[in-house]
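Below are the C-alpha cells for one structure; questions will follow.
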Amino acid sequence: MVPSNHAYDYDLLVIGSGPAGQRAAIQAAKLQKRVVLVEKKSVLGGVSVNTGTIPSKTLREAVLDLSGYRSKEFYGLSYSVKQRITMQDLLQRVDTVIRHEIDVTRAQLLRNRVEVVSATASFVDPHTIRLEYVEGGGQRLLTADKVIVAVGTEATRDPHIPFDGHRVLTSDDILVLNELPRTLTVIGAGVIGCEYASMFAALGVRVTLVDKRPRLLPFVDCEIIDTLAYHLRENRVTLRLGENVHGIELLEDESGERVRIVLDSGKQIVTEKALYSIGRTGNTNRIHPEASGLNVDDRGRITVDDDYRTNVPNIYAVGDVIGFPSLSSTSMEQGRLAACHAFGIQASSVPDLFPYGIYTIPEISMVGKNEEELTQAGIPYEVGKARYREIARGQIVGDTTGLLKLLFHFETRQLLGVHIIGEGASELIHIGQAVLAYGGKVDYFVNTVFNYPTLAECYKTAAFDGVNRIGGGSDPIAPSKPTD
C-alpha cells in the first residue's frame, strides 16, 4: 500500500458527493488514505439522489402503483388505484426515499472516516483547492496529493428557450410541479426524455415526444425500440421523430397559460407544459478548471484515459462529467477504479459488460452486443426469443407483451448479448451478464433449472428457441464428476 503523503493536507480530495464521488472517497478511505469530500449543496448525494436517478425511479414506481398500470390487463383500461392522482401523491413517496438515501450516504461516509465539507470548491492550482463555505462561512485553502472531480452535470439550457420553471421545464424542474398537466410535450427523446414521456403517459397525460433523430435511443437494439414505440403509442403518445424545434413561445389568452412549439417542418404543437430534455452539461464552470490546466470541452465535460486520469497527472474525473454512459451504476465503478489507480492499487472491471437500465414504462435493460453491432462486425449469430405471454409469471403479473432476446454465436454458441423489455428487465439482465462474463454458451440456459413460475424462465424458453433455429439439439454441459 502506498503510504500517505504528508506534504499535503489530504491524500485525496473529492469534489462532488454523487455516486461516483462517494465510491471514490470510500475506496480511498479503505486504503487508509486521508480523504475529504467537498459538496457544494447542504445535502449529500448529488443529482442522483436529489433530482435525478433516485427521484425519477421512485416517481416511476409511484406512477405504476397509483395508476394501476400493472393491473389493467386484469381489470380493464379504466382501472386505477386512486382517482385524480396529484403530484403531491407522487412526491410523497419520492420525499421519503430521498431522505432515506441521504441519511444512508452520510452514514457510509462517516463510518469510513471520510471528512465531509459543505462548500464550493475551485482550483487554485493542480494540488490546491479553494473552499467557499456554504451560507457565508468564509474561505479556506486545502492541498491534496490527488484530486477526483465528480461534479456531475446539469440540464442543458439553450439561451433561446424561455425557461420559466412553470410552463417550460427541464428535468430538474419536474419535482416542483404543483399539478399534473393535461398535455405535455417532451423535446428530446434521450433516456431522460423517454422515461418521463412514458411516466406521464401512464398517468393519462396526453404526451407528444419530439426528437430530431429518426428513431428512439439509437444505441438500443432496434427490435426492443420498436416494442417501446408500440407501447408509447398504445398509451396515446404522439411521436414526432426526425423533427427539429424552430422556436418555443409562451402563450397567455382566454384559454389559459400554454406553450406553442414550432417545428422546422411547419408543424405547431400547443401544450400546457413543455419538458426540454436536450442533454446535460458538465458542472465544471464553478471549479475553475483552467487554474489547474484541465481540458474541458464545450459541453463542460472532461476527457479521461482508461484509468479515468485527466490531462493533469494528479487529477482524475469520474461520473457524468466525463460523458457516456452517464449511469449511476457505471459512475460508482468509475469512482472505485479511479481511487485505486490514483494510489497504485491494481483494480479492473469489464466495461463491455456494464448493463444498461432504462426506466421507461415498460423498462429496458441490455448487456453485450446488439444485432446491429454484430452485423457490422461480420459475426455470424443467431437469435433466441421469449415473450412474456409464453411464461406463466408473465400472465400472473399482467405483462403479456414483454420480450427477452438472446444473441449467440452461430458456430460456437457463445452468448454475445442479452436484450430485455418488460417487467423486471433491469433485474433479469444480471443473469445474462454473469453468463457473458464467464464466456458461457446459450446451452447453459437449456441445461439449467429456473424457479417456477418466474420471469427468469424466459432465458430457458429463449435458449430453446435459438437452439431450434440452428438445427435443434443442445450442447450438454459436461458433468462435474465422471459417471459410470
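Mind running the shape call on segment 304-401? Use the C-alpha gyration tensor, a ≥ b ≥ c as the square roots of the eigenvalues: rounded below 1.5 for a/c, prolate if a/b tops b/c, oblate otherwise.
Prolate.
How would segment 188-306 be classified by its alpha-carbon gyration tensor: rounded, prolate or oblate, with rounded meaning a/c under 1.5 and the a/b versus b/c comparison settling the rest?
Oblate, since a/c reaches 1.5 and b/c is not below a/b.
As a test, work out the antiparallel percent of DSSP beta bridges whose residues both lie in the chain, rounded to the nearest 5.
Within the chain, antiparallel bridges account for around 60 percent of the total.
Select from V147, S328, G394 the residue farthest towards the positive end of the dipole of the chain; place +1 on Cβ of Lys and Arg, -1 on Cβ of Asp and Glu, and compute about the Cα centre.
G394
With θ set to phi - 60° and the Karplus curve 6.51 cos²θ - 1.76 cosθ + 1.60, what are the ³J(HN,Hα) couplings of segment 10-24 in order, to the nearest whole Hz, using x for Gly and Pro?
9, 6, 9, 10, 10, 9, x, 10, x, x, 5, x, 4, 5, 4
For segment 228-267, run through the GluC sites (Glu not before Pro) and keep only the ones in DSSP coil with at most 16 other Cβ atoms within 10 Å of their Cβ.
Taking segment 228-267 and a limit of 16 other Cβ atoms within 10 Å, the loop GluC sites (Glu not before Pro) found are E254.
Further question on the same structure: Taking all pairs of distinct Cα atoms, average 1/r, flip it, and tell me the Kirkwood hydrodynamic radius of the chain in Å to one decimal place.
24.5 Å
Please state the charge dipole magnitude for the chain, taken about the Cα centre, from unit charges on C-beta atoms (+1 on K and R, -1 on D and E), reported in debye and rounded to the nearest 20.
Dipole magnitude for the chain comes out near 660 debye.
Put +1 on the Cβ of each Lys and Arg and -1 on the Cβ of each Asp and Glu in segment 268-420; which of I269, F408, P313 then has its Cα farthest toward the positive end of the dipole?
I269
Taking only DSSP H segments of four or more residues, each worth -39500 (n - 2.57), what value at 222 nm results for the chain once the sum is divided by all its residues, to the nearest 500 deg cm²/dmol?
Taken over the chain, the calculation gives -9000 deg cm²/dmol.
Using a simple spin-label model with points 7 Å from Cα along the Cα→Cβ vector, what separation in nm is obtained for F74 and Q32?
Here the modelled spin labels are 5.7 nm apart.
Please tell me the relative contact order of the chain in percent, rounded to the nearest whole number, where contacts are Cα pairs under 8 Å and at least six residues apart.
14 percent
Taking the Cα centre of segment 28-78 as origin, work out the dipole magnitude from +1 charges on Lys and Arg Cβ and -1 charges on Asp and Glu Cβ, in debye rounded to 20.
With only Lys, Arg, Asp and Glu charged at Cβ, the dipole is about 420 debye.
Under the Kirkwood approximation for Rh and a Cα-based Rg, what ratio Rg/Rh is obtained for segment 168-248?
With Rg and the Kirkwood Rh in hand, the quotient comes to 0.95.
Any idea how far apart T86 and N311 come out in nm if each label point goes 7 Å out from Cα toward Cβ?
If labels sit at T86 and N311, their model points lie 5.3 nm apart.
Classify segment 23-111 as rounded, prolate or oblate from the Cα gyration tensor: take a ≥ b ≥ c as the square roots of its eigenvalues, call it rounded if a/c is under 1.5, otherwise prolate when a/b beats b/c and oblate if not.
Prolate, because a/c is 1.5 or more and a/b exceeds b/c.
Count neighbours as other Cβ atoms within 10 Å of each site's Cβ, and list the trypsin sites (Lys or Arg not before Pro) in segment 72-154 that are DSSP loop with at most 11 such neighbours.
Taking segment 72-154 and a limit of 11 other Cβ atoms within 10 Å, the loop trypsin sites (Lys or Arg not before Pro) found are K82, R84.
Next up: Would you mind pulling out the separation of the Cα centroids of segment 451-473 and segment 206-230, in Å?
Each part's Cα centre sits 27 Å from the other's.
Hey, another quick one. Mind checking which lysines have their Cα closer than 20 Å to the Cα of K273? Skip sequence neighbours fewer than 8 apart in that chain.
K212
If I stretch the segment between T156 and R140 completely, what's the gain in nm (0.36 nm per residue apart, minus their alpha carbon distance), one decimal?
Net length gain for the segment: 2.7 nm.
Nothing charged except the Cβ atoms of Lys and Arg (+1) and of Asp and Glu (-1): what's the magnitude of the dipole of segment 248-301 about its Cα centre? Round to the nearest 20 debye.
360 debye
Any read-out appearing in this document is the output of simple, stated calculations on the displayed coordinates, not a laboratory observation. Values in this document were obtained by computation on a predicted structure and should not be read as measured data. When we count neighbours, we look across all protein chains shown, and the Cβ atoms used for this are built from the backbone with ideal geometry, even at glycine.
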